[in-house]
1. At B:LYS94, label 7 Å along Cα→Cβ: distances to the other copies, nm, ascending?
2. If you count, for each residue, the other Cβ atoms within 10 Å and average over each peptide, how do A:138-149, B:68-79 line up from highest to lowest?
3. Determine the dipole magnitude for the stretch A:209-281: charges of +1 sit on the beta-carbon of Lys and Arg, -1 on that of Asp and Glu, nothing else is charged, the reference point is the Cα centre, and the result goes in debye to the nearest 20.
4. Please state the relative contact order of chain B as a whole percent: Cα pairs under 8 Å, 6+ residues apart?
5. Which net charge results for the neighbourhood of A:ILE64, defined as the other residues with beta-carbon distances under 13 angstrom from its beta-carbon, given Lys and Arg at +1 and Asp and Glu at -1?
6. Cross-link candidates for B:LYS211: which aspartates and glutamates have Cα within less than 13 Å, leaving aside residues fewer than 8 places away along the same chain?
7. Just to be sure I understand: with springs between alpha-carbon atoms less than 10 Å apart, which residue in A:GLY255, A:GLY220, A:GLY26 has the highest mean-square fluctuation in the Gaussian network model of chain A?
8. To the nearest 0.05, how large is the calculated FRET efficiency for A:ASP114 and A:ALA205 if R₀ is 30 Å and r is the Cβ-Cβ distance?
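We did not get these values from a lab; they are worked out from the coordinates using the rules stated. The model shown is predicted, which means the values in this text are computed figures rather than measured ones. Counting neighbours? That spans all protein chains shown, and the Cβs are built from the backbone with ideal geometry, glycine included.
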2 protein chains.
Amino acid sequence: MKWNKLSVRCTVETQEAVSNILIENGAEGLQIEDEPTQEMVSLDTYFAEDFDLIPLVARIKEQIANLAEFGLDPGDFQVGTEQLDDSSWADEWKKYYHTTRISRYLAIAPSWEDEGSFDAQTTLIKLDPGKSFGTGTHPTTILALHGLESVLSGKHESMIDVGTGSGVLSIAARLLGAGHIEAYDVEDESLKAASENFALNYCFADINLKKNDLLNDVNGQYDLITANILAEIIVPLIPQAFEHLKTDGKLILSGIIADKLPLIQETLHQHGFEVLETMNIKDWYGIVAVKLQNS
Amino acid sequence: MKWNKLSVRCTVETQEAVSNILIENGAEGLQIEDEPTQEMVSLDTYFAEDFDLIPLVARIKEQIANLAEFGLDPGDFQVGTEQLDDSSWADEWKKYYHTTRISRYLAIAPSWEDEGSFDAQTTLIKLDPGKSFGTGTHPTTILALHGLESVLSGKHESMIDVGTGSGVLSIAARLLGAGHIEAYDVEDESLKAASENFALNYCFADINLKKNDLLNDVNGQYDLITANILAEIIVPLIPQAFEHLKTDGKLILSGIIADKLPLIQETLHQHGFEVLETMNIKDWYGIVAVKLQNS
């Protein structure tokens, strides 16, 4: 499989904003390289070759130029693309993608990293960016992982992971002691990546991976539902999640920007959930909610 | 030692608000008992016998009556007091105080609870309310504990626990692998409680407990500083914490109400910290910040 590399060179001042622009345009991971002068940085990301980069590049250029409206000077930025084959892409990633500690007892590492630097208490999730086109270390993922750690108790909870993507939340839940796990995604590319990552973490047999749109055609009630997806998709998911959670079941939501937080909170309240904890990293919010009782 | 029990009987509608009133007036733990009709609840809390309850009761009555201004009906509430000796107080607590799971790998239990229900991966903090007059399960404590779990990596971090109170954060940090720990409190009663709880968790020898006001007379720079105290005290603590943290050192703050959050965030920013994560449970906020570099 071939990949397209999209690179943006921008000022340090606009780095955060440009990162957000790239992520909002579908980038699932970013390589960030500072330049020696510390005035400019390069942000690289990757798209599958069938992804049409021409309109994307035009849109990104326009959005970066528009940063001036927000008082940020985009300066002399550049946006470029390059086609890579699978092997050179993996090599590129290896330069940038290292182990990330998520918490005291949870870390994410690519398969090529040495595990020797972790103590026996650390649960290590193996996640290859070359397979999942996501690093597992985006704030939305970290928030959802913190939520999982707050909620799971080692009692073999049943769960559904809506929009599993790279599969990272299902893997983490399994390694943290969840029992029966259903992992759904509507994208074939995600199903393939999740499948490969499940195998990498030896939990392929423990997770039922299925192509599914949100919680359609699901039966039964579960202990836990996770959804690290866009806020626009979370809103219609909430009543579905209520239906498929046991009383006192938990709902972990991530991928929420500040503007959408009140809408999500209000929708949860309307549909019989109580918010237990809200977490915020950079521009992203995560929520742990509980289903109060069956209606 | 004798204790005074303060009891409030109030409507379920005002339970949350009355709980906050009690906590803001110094209650460090609450026993909540629903009545069979589910219309009224009883909230009990305890104060040392030298604490003057007469003005406190008057203030609490006034504050509950004032809830009507916020659209809450205080109804036919009652506030009463009762003197207990040490033994009957402990017995009272045993009825209400059970194990609380803080996260997948962390739980708090009183010394009389059976440990058998926990898996080997769970780190259990022993904390007797009869000794510490706090249950360790208040939202501000849970937020600080979640912060500790996010930040610690098992690399024997050095830390200072400002306003250690019952000692719960120092104990958790030690059990999670922190190395050298300094635990400070300005109150003699807290030092006594912390000391007893350190002994209960077999980490008495690993924590240097000292009477100290904030970070006065501290030398050196540490990996981590925790402070689960009032926002008014956190503000002057922030520049002190900057001075006594290494570059990239973390500051975990808790005990912050919504009104004070912007002030704390702004003060952190002014003094060279970046906020990494903000957490919210009920009316309380916790912050994990990092010291960017030595000024």
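1. B:LYS94 label point versus its equivalents elsewhere: 6.3 nm.
2. So the peptides A:138-149, B:68-79, ranked by packing, come out A:138-149, B:68-79.
3. On the way: 5 positive and 10 negative charges, 43 e Å.
Roughly 200 debye, rounded to the nearest 20.
4. That works out to 13 percent.
5. Working: positive: A:ARG9, A:ARG59, A:LYS61; negative: A:GLU13, A:GLU16, A:GLU24, A:GLU62, A:GLU69, A:ASP73, A:ASP76.
Here the charged neighbours net out to -4.
6. B:ASP161, B:GLU182, B:ASP185, B:GLU187, B:ASP188, B:GLU189
7. A:GLY220
8. On the way: r = 27 Å, r/R0 = 0.89.
Given R0 = 30 Å and the Cβ-Cβ separation, E is 0.65.
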